[in-house]
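Trainee: Before I ask anything, let me first share the structure, which is written out below as structure tokens.
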Amino acid sequence: MTADLDDLSALARPVPRGDTYQPARLKFFHGPMDCGKSTLALQMDHNHARQGRRGLLLTRMDRSGAARISTRIGLDRRAIEVTDELDLRELVRGKWALGARVDYLICDEVQFFSLDQVEQLADLVDHADVDVYAFGLATDFRSELFPATKRLLELADGVYQLQVEVLCWCGRRGQLNARVVGNRVVREGEQVLTGDTGRDDPVHYQVLCRAHYRSGDLGPAAPAAGQLPLG
């Protein structure tokens, strides 16, 4: 392990940021489904690239089913699929060996990364001066922290809850991701079961406020009485 970190330090090529050098940081951005995490990830990549920095986009089990960072508003970019076997330090070393700069990593769906991979992200920040911007869910369908999320909360230099407000059907702030099977909130099953928020899917997710997540109330299926339909 020590030799690996020494190799990273020897290969690291810090790039000055403005008038004074700023060390790399590990930042974690989280929020419920539909709050714009993937959109912010792509915007952050765009902003850094415009300043001449070079980065890698990573994801795991994106909703599109492909190695891409995709958003619900139609933006998407090709990304590197993170598998169980992928060592993120070796990934960066490989890019350096080809003569490519790696100034930062954009990591989407980071809740699905392994605990080892979260540690590798911290190694890249601390020993290779690579910035890491991680985006993911905080809690699963049981309202429990994902293991990778828990570790990121422990290790990150900065933790940020996204400010794009997702609403429960009742109008309160949506906080929790409910797994819905057969129009019923389920609380048992595999922690990782990918799906989207479309109600037509037999297994999907719905963001609820705390009260309606705990009661399992998915709300009315049609507009309330007295509400005019659009169109």
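The values are calculated or read from the model by the stated rules, or taken from the named source; none is laboratory data. Treat the numbers as computed from the prediction; the structure is a model and nothing was measured. Virtual Cβ from ideal backbone geometry, glycine too; neighbours counted across all protein chains shown. SASA here: full protein model, heavy atoms, side chains in, ligands and nucleic acids out. Shrake-Rupley method; radii C 1.70, N 1.55, O 1.52, S 1.80 Å.
Trainee: Looking at Ser64, is it at pLDDT below 95, closer than 25 Å to Leu162 by Cβ and surrounded by fewer than 20 Cβ atoms within 10 Å (Cβ to Cβ)?
Mentor: So Ser64 passes the test.
Trainee: From (1) open to solvent by 10 Å² or more (accessible area, probe 1.4 Å); (2) modelled with pLDDT under 95; (3) not polar (S, T, N, Q), pick out the condition that doesn't hold for Asp108.
Mentor: Here Asp108 clears every test but (1).
Trainee: Looking at the structure I just gave you, is Val125 assigned to a helix (DSSP H, G or I), buried (at least 20 other Cβ atoms within 10 Å of the Cβ) and in contact (Cβ under 8 Å) with a residue 24 or more places away in the chain?
Mentor: Yes, satisfied.
Trainee: Moving on to the next point. With respect to Arg142, determine if the residue is part of a loop (DSSP other than H, G, I, E, B), at pLDDT 90 or above and surrounded by fewer than 17 Cβ atoms within 10 Å (Cβ to Cβ).
Mentor: Here the answer is no, as Arg142 does not meet what is asked.
Trainee: Which residue, of Gln111, Gln117, is within 15 Å of Met33 (Cβ to Cβ) and among the polar types (S, T, N, Q)?
Mentor: Gln111
Trainee: Can Gln120 be described as at pLDDT 95 or above and open to solvent by 10 Å² or more (accessible area, probe 1.4 Å)?
Mentor: Yes: the conditions hold for Gln120.
Trainee: Among the listed residues Phe146, Phe135, which satisfies the condition of being in contact with a Gly (Cβ under 8 Å, 6 or more places away or on another chain) and of a type in the set (Phe, Trp, Tyr)?
Mentor: Result of the check over Phe146, Phe135: Phe146.
Trainee: If you don't mind, another one. Conditions first: (1) modelled with pLDDT under 80; (2) surrounded by 12 or more Cβ atoms within 10 Å (Cβ to Cβ). Arg172 passes all but one, so which condition is the exception?
Mentor: (1) is the only condition that Arg172 fails.
Trainee: State whether the residues of the stretch 145-161 include one that is among the polar types (S, T, N, Q) and either buried (at least 21 other Cβ atoms within 10 Å of the Cβ) or not in a strand (DSSP E or B) (or both).
Mentor: Looking for residues that are among the polar types (S, T, N, Q) and either buried (at least 21 other Cβ atoms within 10 Å of the Cβ) or not in a strand (DSSP E or B) (or both), one finds at least one in the stretch 145-161, hence yes.
Trainee: Turning to a different aspect of this structure: Quick one: count up the residues across the stretch 83-122 that are touching a Cys at 6+ places or on another chain (Cβ under 8 Å) and not in a helix (DSSP H, G or I).
Mentor: Residues meeting the conditions: 1.
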